[in-house]
Structure formats: structure tokens, C-alpha cells
Amino acid sequence: MKNDGVADAIGGLLDTYNDEKEAMQYHVQLKNGDVSDFVILPGDPGRVEFIAEHFDSATLVADNREYKTMTGKYKGRSVSVTSTGIGCPSTAIAVEELANVGAKTFVRMGTSGAMQDFTRVGDKVIATGAVRYEGTSVQYMPIEFPAVASHDMVAALVNSAADAKLNYHTGIVQSKDSFYGQHNPEGMPIAAELLQKWEAWVKGGVLCSEMEAATLFVVGSYRKLRTGAVLLVAGDQAKGESLTKEEYKQNMTESINMILEASLEIEEESSNG
Amino acid sequence: MFNNKIEQVKHLPLKIGEVARYVIVPGDPNRVEIIASVMDSYTLQGRNREFNAARGTYKGTDVSVVSTGIGCPSTAIAVEELAHVGAEVFIRIGTSGSVDNSVEKGDIFIATGAVRDDGTSKQYIPIEFPAVADFKLVANLIKASKDLNIDTKVGICQSKDSFFGEVEPERMPVAPYLDYKWKAWQKGGVGASEMEAATLFTLAQIKKLKASAVLAVEVSDEETVKKMTQIVLECIHIMEMERLNEK
């Protein structure tokens, strides 16, 4: 038989997948017991430590590629934070592997660009659904399937945002694959499609643009996970506005505290089962 | 699109001002009076084609009931024209089939989103856009059902255009395609299959209206329709109280 080496390699990967409870997960480098049932998902690995500073305690459990994970406690509840890297492809890997080792609830925490007049920099957007303008979720589910967050997670986030008296919105966000396709659509070979679709999303009332939520929600539906997303509006292309460094940090803290308070409304489940 | 001087819309038997802010939208015109009869009082406003209209009050709140007919094409017409004559909040009451094994016959299902397996919503916005129900409306439907001690399930439904493509897929020329998609919806956790929600949700989002749907799974008896109506009317009451408090 030819290609034995390849077959072995693939077999090895499958073993990793099949022994999901025991095995060290290939990309996130986590095994059962390393993470909480509740995981916060920022995009940037450089943001993981800052997020964990808002826990009461936290330890670093893994750091591989763009995936950095810290696990700890907040007001007695166990919580983890894992970075996904930018984009839906690396996010799907993170969510699948975290679910393999017992994570049940996933809340993305990220930044976004405003798409409506009333979504102002500093506002927090709690996503109820996401436009699937990305290539990963269609390798899970046909495009007609809606990328929707879990109702109970959205409700918990709305409660914590209201309690903290934050400016927040609930609604649909746009997930894209090409960052520069949004920021410089005219320069792209498919400019006409990019511009036309953007206008359709704006008319459809889409609140802000980001790069990971759609796949998180679709993979979550398929793997029966609880999902949500809090997106800080960090910039506004149309108005030429963005947050200063100080404002940004303050707003990040607000987003983090909002998610941590919402985690207390989600009943803690064993991540070992 | 509409000539504002012509108050009578083209398809519905209604003029501007003849509809309540809250509208219950069943598919079946014959279900309109059954639903309206659960209110404290109602009057029938007339019928044209599949669009049958009634208006009444429940706990002091003005509520309309207007049928959409079967399918997203006639639903889109109903929603456009209802919005034109003054409706703002749309709650579909309908029947459905079960898709995955999380729902079973007799369940009452509240939809948070819908699979856009329809042709109409694509003539409004590209397919990547999700058909999502209004969050607040879903939250109040859940609250109302808990207040009334009626069990419900919450999740994603599928909206299709071909009824017989669902019930007898094997006899269709596109049988493998239907089978492949159906299996995907099952794995994706879709609970109920019906024929109007995707366009209702998409159009509501575009037109800045609120919409949601309450579906009975594999039953369509009068008692179940009335039970769903109770949930919906109680939800409308909660929303109207909230609205008056905010004022």
C-alpha cells in the first residue's frame, strides 16, 4: 500500500478526535479538566491576560499558535478564556476542540465597526444573529441555515448590560472573511459585490461588522452548545471615529465585566462529563 | 411603492388605520375567527383572497388577526401591506412538522430564527443574512408561556416552499437534494418545519418591525390553536404594559 505515512498521520489525527475525552486537543493544546464549562473567546491572544485580570484568580493552561487559554474563578464560578485568532477558520477549530474537552457555553468578546448611524463607538452590541458572509460555516451547514445566538445567553447578557447601565444594542451583526475587503472595498477585484452586499446589510439593519460570530453560532447549533457574542463598537468608517487607547481599555473592561456577570446566570455544569 | 393617497391596499381588505399595532398572523383564513374568539371582544373586517381580517381587544389592548395564506410569497404581501396600514408587531401562529428529535408531536415551539429554504426572502436580501426573530418578542413569549404554565420549546425552525417536498421527498425530481438538506437541518438542531417564518423575520428586520412565531408541532386542533393564542395575547399584553411604562 502506498502513502502509508499519510495514512498513519491521518489515522493519528482521527485517534486524537475519537479519544476526545482523554486526548490532548491538537491545536488548542488542552485536555479534559483544563477548561471551565464557560469560555470567553476574544480574537487576540494578546487580550487573554487582560481579560483574566478581571477574574478573581486565573492560571495559564495553554499557549499554542493563536490559541492562549487561562482558567480561573469569578465570584466562585469557574471561567476560562481562550483566544481564537482572527477569522472563522481558526474560530471553528477553537470551538470544536474546546467542546471536545467539556466547554458548553461560549461567549465571543471582540471589537467591530459600526454599520448604523445609531451604533456609536463605545456601544456594546449583543448579537442575536450573524450574516454568514464567510467561508467556514458553509462547510458545516447549507447557507440557508440562520447563524443565531442562544436565546438564554443573549437574555443573560442583556440583563448584565442593563444592570451596568451600558449603552447596548441587540441585533444582527455581519461576519466577513476579508478585513481589507471591508475597509478598502473599491480596491478589490470584486468591488461591486462587496459594495452591493454591504449596502444590503445596512438596509437590513445590521448593527456592526466583525469576523467570527457566524461560525461560532453555526458550529454551536450543530454541537448543541450555548453561544453568544458581545462586540464593542471600536470604530466607525462612515464617521471616521475611533476610540482612544484609554477609552478602548475602559470599554474592554466594561465588556469583560458584562460577560462575567452574565456567566453567573448560567448554571455551572461539569466540564468533565 | 404605495400611493399614500390610496388608503385601500391592493390585496388585504384593510385601509390605513384599520389595523392594530399588534397583529397575529396565522396562515389559514379559517383560523382567524378561532384566534379572535380568544380575545375579550372582536369584529370581523372582511376577506379578500386568502387574507381574512379581524380586530378586537384583549385586556384593553387593540389586537388584529390577519391570515397570510400558505407560503412566503403571500406572507410577504401581507406583511408589506399590514405595515403600510399601521401594524408594527407581528406574531405568527402556525402548525409545523418536527425535524430533529428534540421536538415531538404536540409541542409548542417558539422560533428564534428560521432556515431560509424559501424563495421570497432572497428577493429582499442576500442569502447570507440570517432570518432572526425579535429578541424582546421571543423573551416575552417565553415569559407569557411560563406565566400561563404552558410548556414550550425554543429554537430554530425551517421555512420551505414545497410542502410535498417535505412530506414525500422521495417522489420529487430533486429527491437527493431535499434529503441532503433535511439531514443537515436535523444535525444542525432545527426543531420545526413550516412555510412562512423566514420571510416574516427577514422582512420585519428590513422594515424595522418586530416579528416572531409560535408553532404547534404536528397538531392543528382548535384547542392547541387557542392555547397558542393565549400565549401570544398574554405576550402582547406584557409588551403593551412595557411600552406604556416607557412612555
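The values are calculated or read from the model by the stated rules, or taken from the named source; none is laboratory data. These figures come from a predicted structure and were not determined experimentally. Ideal geometry is used to build each Cβ from the backbone, glycine not excepted, and the neighbour counts take in all protein chains shown. Side chains included, ligands, DNA and RNA excluded: accessible areas come from the protein's heavy atoms. Shrake-Rupley method; radii C 1.70, N 1.55, O 1.52, S 1.80 Å.
So B:ILE206 ticks every box in (1) more than 8 Å from chain A (Cβ to nearest Cβ); (2) surrounded by fewer than 24 Cβ atoms within 10 Å (Cβ to Cβ) but one. Which box is left unticked?
For B:ILE206, the exception is condition (1).
Among B:GLU88, B:GLU81, which is the only one that is closer than 22 Å to B:LYS208 by Cα and out of contact with any His (no Cβ under 8 Å at 6 or more places or on another chain)?
Residue meeting the stated conditions: B:GLU88.
For the stretch B:124-148, name all the residues that are of a type in the set (Gly, Ala, Ser) and in contact with a Pro (Cβ under 9 Å, 6 or more places away or on another chain).
Matches in the stretch B:124-148: B:ALA131 only.
Hey, can you tell me all the residues within the stretch A:129-183 that are more than 9 Å from chain B (Cβ to nearest Cβ), of a type in the set (D, E, K, R) and closer than 14 Å to A:GLU212 by Cα?
The answer is A:LYS176, A:ASP177.
If you take the residues of the stretch A:92-102 that are outside any loop (DSSP other than H, G, I, E, B) and farther than 10 Å from A:GLU66 by Cα, which of them is farthest from the chain's Cα centre (by Cα)? Can you show your working first?
Keep residues of the stretch A:92-102 that are outside any loop (DSSP other than H, G, I, E, B), which gives A:92-100.
Keeping just the survivors that are farther than 10 Å from A:GLU66 by Cα gives A:92-93, A:95-100.
Details: A:ALA92: 10, A:ILE93: 12, A:VAL95: 9, A:GLU96: 13, A:GLU97: 14, A:LEU98: 12, A:ALA99: 14, A:ASN100: 17 Å.
In this case the residue turns out to be A:ASN100.
Of the residues A:ARG120, A:ARG108, which single one is under 23 Å from A:VAL233 (Cα atoms), in contact (Cβ under 8 Å) with a residue 24 or more places away in the chain and surrounded by fewer than 24 Cβ atoms within 10 Å (Cβ to Cβ)?
Being under 23 Å from A:VAL233 (Cα atoms), in contact (Cβ under 8 Å) with a residue 24 or more places away in the chain and surrounded by fewer than 24 Cβ atoms within 10 Å (Cβ to Cβ) holds for just one of A:ARG120, A:ARG108, which is A:ARG120.
Can you confirm whether B:LYS187 is open to solvent by 70 Å² or more (accessible area, probe 1.4 Å), more than 20 Å from the chain's Cα centre (by Cα) and within 14 Å of chain A (Cβ to nearest Cβ)?
Considered against the rule, which asks whether it is open to solvent by 70 Å² or more (accessible area, probe 1.4 Å), more than 20 Å from the chain's Cα centre (by Cα) and within 14 Å of chain A (Cβ to nearest Cβ), B:LYS187 comes out as yes.
Check whether at least one residue in the stretch A:171-178 is over 18 Å from the mean Cα position of the chain (by Cα) and small (Gly, Ala, Ser), and report yes or no.
No: zero hits.
Would you check which residues across the stretch A:198-231 are open to solvent by less than 40 Å² (accessible area, probe 1.4 Å) and over 16 Å from the mean Cα position of the chain (by Cα) and list them? Break it down stepwise before answering.
Of all residues in the stretch A:198-231, those open to solvent by less than 40 Å² (accessible area, probe 1.4 Å) come to A:200-201, A:204-221, A:225, A:227-231.
Of everything in the stretch A:198-231, those that are open to solvent by less than 40 Å² (accessible area, probe 1.4 Å) and over 16 Å from the mean Cα position of the chain (by Cα) turn out to be A:ALA200, A:TRP201, A:GLY204, A:GLY205, A:VAL206, A:LEU207.
Among the residues that make up the stretch B:15-23, is at least one of them of a type in the set (Val, Ile, Thr) and closer than 20 Å to B:LEU141 by Cα?
yes
Suppose the filter is in contact (Cβ under 8 Å) with a residue 24 or more places away in the chain, among the polar types (S, T, N, Q) and facing chain B (nearest Cβ under 10 Å); does A:SER90 pass it? Let's see the steps before the verdict.
Values: in contact (Cβ under 8 Å) with a residue 24 or more places away in the chain: yes; among the polar types (S, T, N, Q): yes; facing chain B (nearest Cβ under 10 Å): no.
Answer is no for this residue.
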